[in-house]
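One structure below.
Just so it is clear, none of the values below were taken in a lab; they were calculated from the coordinates. Model, not experiment: these values are computed from the prediction. Note: ideal-geometry Cβ built from the backbone for every residue, glycine included; neighbour counts use all protein chains shown.
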């Protein structure tokens with residue numbers, strides 16, 4: 001084996017390892033944030049009010065405390081707790097951040113994976129076949145999930161779980177959005193359902209017990225959508241179970257959880273709907289353009305196949321900081337307290353009022369860094385072989 005072939009082989013192995021890292025990067029925590037304050041004692045909140053960010057959602061970072069003096073049936077919902085704290089100063093709930101990015105993250109990762117797999121192969125025919133098949137599968141999959149009826153079943157369970165986590169929906173939350181009469185009726189119906197369940201309801205519960213976690217999440221979101229839709233003065237469309245329906249509805253419900261100002265929220269929801277459609281067609285067009293211009297393993301476009309993925313940690317930080325800025329500069333006037341626009345702490349420890357804020361990378365971010373290091377090493381090896389061939 002010649003030195004050039006050996007370096008090409010090592011380069012390809014490094015890229016393959018990087019592609020493999022995309023799976024754990026997508027699934028594990030990427031960043032964490034916590035709030036500490038005197039009213040959250042260390043005995044009950046050893047890490048403060050803590051939430052963890054994944055590429056596909058935001059999840060509870062608090063763990064169940066098992067101490068003699070503290071009795072908990074389950075861990076405190078710190079996503080809901082942080083939302084409750086933030087809404088006093090007019091900040092929108094955590095679920096309001098990056099709804100389009102979270103939905104399309106799995107497809108963007110797929111786009112990166114196909115780009116890198118295409119970069120591994122230097123023979124034009126093999127490269128074209130690999131990228132053609134990869135992009136075709138990606139576009140069809142993304143189209144079914146975004147526009148298709150029942151499309152949520154084509155998404156992953158972790159994303160759907162995250163949509164439920166940040167929804168923070170329980171009986172108390174539902175009653176906050178109801179009138180006193182509606183809340184009373186809801187409680188009466190719940191009481192009646194507990195004491196006189198029909199055979200059909202019992203059968204539904206039995207069926208639900210056999211569902212997978214993903215199917216249970218979809219059913220939960222469907223019921224939440226129907227319940228929310230029925231309370232509106234002008235009900236919207238029936239449940240289709242597509243991403244293009246879930247994202248704007250979930251965004252609208254999240255924005256209005258504490259601040260029910262339709263004049264302010266409607267334009268925001270409309271923009272997010274447009275953004276979702278734009279991202280779908282943008283990814284589709286980019287995939288087609290890459291396939292057209294990157295069939296041959298030479299030129300600047302060829303290097304873009306690996307150079308763009310190398311920037312993954314930087315792109316994540318930019319996205320994260322941008323949404324933090326949005327939270328601090330787009331606060332509702334309906335908050336209990338008035339707070340000047342500010343930039344929340346993106347990295348390290350900060351101070352807001354009586355709260356100490358912590359914001360640090362988690363294992364997923366360091367896997368992103370490792371991902372980039374592997375790609376840089378692969379690119380340098382390929383560069384050496386290219387330089388020798390041109391001599």
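Miscellaneous remarks
- Order of 355, 53, 104 - criterion: other Cβ atoms within 10 Å of each residue's Cβ, fewest first: 355, 104, 53
- Reported to the nearest whole Å, the Cα centre-to-centre distance from the range 275-289 to the range 112-164 is 12.
- Chain lengthening between residue 285 and residue 329 when straightened (0.36 nm per residue, less Cα-Cα): 12.6 nm
- Across the range 236-285, counting alpha-carbon atoms alone, Rg and Dmax equal 12.0, 38 Å.
- The spread of Cα positions in the range 285-385, taken along each principal axis and listed from longest to shortest, comes to 61, 29, 16 Å.
- Sorted by Cβ density within 10 Å, fewest first, the residues 152, 291: 291, 152
- Per residue Cα convex hull volume in Å³ - calculated over the range 1-135: 168 Å³
- Taking every alpha-carbon pair within the range 71-153, the share separated by more than 23 Å comes to 52 percent.
- Shape summary: the range 327-379 maps onto an equivalent ellipsoid whose semi-axes, from the alpha-carbon gyration tensor, are 36, 13, 8 Å in decreasing order.
- Computed log₁₀ I(q)/I(0) - Debye formula, equal Cα scatterers, no solvent, the range 212-326, q 0.10, 0.12, 0.21, 0.22 Å⁻¹: -0.50, -0.68, -1.22, -1.26
- Sorted largest first, extent of the range 280-331 alpha carbons per principal axis (Å): 49, 23, 11
- Where Rh is the Kirkwood radius over Cα pairs, Rg/Rh for the range 95-140: 1.15
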